[in-house]
Amino acid sequence: AAKAEGRVTYYSSTNPVLSKALVDKFNTHYPEIAVEVVRLATGPLSKRYASEMEAGAIVADILQMGDPLILEDGYKKGWFVNLSEFPAHKAWPQAFKTEYSATVSVFPDTVTYNTDKVKGDDIPKSWED
């Protein structure tokens, strides 16, 4: 379908540098297909995608974001295709996929503190702190 249309709309909440790298790699294989990247933070992107799907005004061809709840809800509503038969999905590590999604990146969380307000013995020294 993308070849016939000549374009793909890619919704992403990832770092724009990573999205561009993915688009560049895609275009080495499919240079005739233009990719429009719509980049929003996960919360606004989830809301936009859900609103479009519920209105029947589907824009995104590809959705990449870090909100597992909308993915689970969307799958139950029939918004996503079952990926199980795609060769790349079959080869993906079982621990990082469901039948409708694949985890392609993991971002660790860090804890920071205000050095003007937290000092001495109050400085966190462990995750529990």
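Details
- For the set Phe26, Phe96, solvent exposure ranked by accessible area (probe 1.4 Å, protein chains only) runs largest to smallest as Phe96, Phe26.
- Cα centroid separation, region 63-129 to region 20-44 (Å): 20
- Å² per residue, accessible surface of region 29-82 at 1.4 Å: 62
- When the surface is traced with a 1.4 Å probe over the full set of protein chains, Arg7 keeps roughly 100 Å² accessible.
- 5 angstrom amide H check on Gln64, placed H, neighbours 5+ away: Tyr11, Ser12, Ser13
- For Rg/Rh (Cα atoms, Kirkwood Rh), the value computed from the atomic coordinates appears in the list (i) 0.93; (ii) 1.09; (iii) 1.19 under label (ii).
- The chain - percent of accessible surface contributed by carbon and sulfur, probe 1.4 Å: 58
- The listed residues Tyr75, Tyr11 rank as Tyr75, Tyr11 when sorted by accessible area, largest first, using a 1.4 Å probe.
The values are calculated or read from the model by the stated rules, or taken from the named source; none is laboratory data. Computed from a prediction, not measured in an experiment: that's the story for all the values here. All accessible areas refer to the heavy atoms of the entire protein, side chains included, with ligands and DNA or RNA removed. Shrake-Rupley method; radii C 1.70, N 1.55, O 1.52, S 1.80 Å.
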